[in-house]
Amino acid sequence: MNSNQNIILIGMMGSGKTTCGQLLAQKTQRTFVDCDAMIGQTVGRSIPELFAAYGEWGFRELEHQAVLELSGQKNLVIATGGGAILRQDNVDALRRNGLIVFLRRPVEEIYDGLSTQNRPLAQRGRQDFLDTYARRLPAYLGAADLTVSDFSSPQATVEEILDKLSRLRMRFLVINGPNLNLLGRREPEIYGDQTYDALCGLIRDYAAAHNASAVCFQSNHEGAIIDQIQAAEGVYDAIILNPGAYTHYSYAILDALKAVRVPAYEVHISHIDQREPFRAVSVTAPACVGQLYGHGFQGYLMAMDHFLEGLA
């Protein structure tokens, strides 16, 4: 990674972000910043006082402003609040100059060793804490470039972070267009019975196994897809794109792909050449380094291989 890039730690409260972050900052000669502590110092109130005065929504607004300020700085180790990644604009800001590391400590272990003092969202009991983690887990996984799981000691956690950062080869942005969120329900005879979540899990696991990272994004809106492509430059090494129906008529997506200096590979799950005639026409493929179709979910992995093996 670039020596000026930030390292951002995400995870539930009590997962070790502050302890590991301070140690990681020492080892990498970066400045450590605890986002919650920064907010408290800026406003002059403790986190419980902020929750009491403004509610969770008000606190999240203050948190967003802190994230924007920190994302504009360099050479930091940032410990985020447990819910910071629930806002996509926070994640997008942090990614612009940083690598995001998910501290995936077992949630039962977190709660059993947690002091709930000064933690407003940990006051509602063990089951509520476990349920909160379950709701947030997809967001943590979706935001993370790397996931660590060795919590035998803070030193061991930091060593795993450093090892994975040193071996990180590529950062992929995987974009899926309209109706692909309905995988598993949408025409299973064509697209199969596996869900979109299963696809994202497969992609992330494959990337991790090849010392890479992959972030999955899906939208039914053309503008949102264009925004992701435009924001990819300087953040990702390659784009894997399934534009869905936009494949056949979105010259705006074509222009976005041509405008950024990030190579893209177009993928389709089904045999588009064996379906309705219009599906065989791609106006976006000319801006990509290659196109694959008819390989199911494996097509995404094959496209990643082209970049990982230097073929694209």
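The values are calculated or read from the model by the stated rules, or taken from the named source; none is laboratory data. Bear in mind the structure is a predicted one, so any value in this text is a computation, not a measurement. Methodologically, a virtual Cβ is constructed for each residue, glycine included, from the backbone with ideal geometry; neighbour enumeration extends over all protein chains shown.
Scan the range 160-196 for residues that are charged (D, E, K, R), more than 17 Å from residue 208 (Cβ to Cβ) and not in a loop (DSSP other than H, G, I, E, B) and the total you get is 1. Every residue in the range 174-210 that is under 29 Å from residue 252 (Cβ atoms) and either charged (D, E, K, R) or not assigned by TED's automatic domain parsing to the domain that holds residue 250 (or both), please. 185, 186, 187, 197, 204, listed by residue number. In the set 248, 295, which member is farther than 26 Å from residue 170 by Cα and of a type outside the set (Lys, Arg)? The unique qualifying residue is 248.
Out of 243, 286, 263, one residue alone is in the same structural domain as residue 191 (by TED's automatic domain parsing), surrounded by fewer than 16 Cβ atoms within 10 Å (Cβ to Cβ), at pLDDT 95 or above and not hydroxyl-bearing (Ser, Thr, Tyr). It is 286.
Scanning the range 131-174 for residues that are within 12 Å of the chain's Cα centre (by Cα) and among the hydrophobic types (A, V, I, L, M, F, W, C) gives 137, 139, 141, 143, 144, 146, 172, 173, 174. In the range 43-84, the qualifying residues are those that are among the hydroxyl-bearing types (Ser, Thr, Tyr) and at pLDDT 90 or above, and the one that is farthest from residue 6 (Cα to Cα) is 80.
Restricting attention to the range 23-34, does a residue exist that is part of a helix (DSSP H, G or I) and either without any contact (Cβ under 8 Å) to a residue 40 or more places away in the chain or of a type in the set (Asp, Glu) (or both)?
So far as the range 23-34 goes, yes, one or more of its residues are part of a helix (DSSP H, G or I) and either without any contact (Cβ under 8 Å) to a residue 40 or more places away in the chain or of a type in the set (Asp, Glu) (or both).
Quick grid of which residues meet (1) of a type outside the set (Gly, Ala, Ser); (2) touching a residue at least 60 places away in the same chain (Cβ under 8 Å):
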position: 237; (1), (2): yes, yes
position: 241; (1), (2): yes, yes
position: 248; (1), (2): yes, no
position: 256; (1), (2): no, no
position: 259; (1), (2): no, no
position: 270; (1), (2): no, yes
position: 274; (1), (2): yes, no
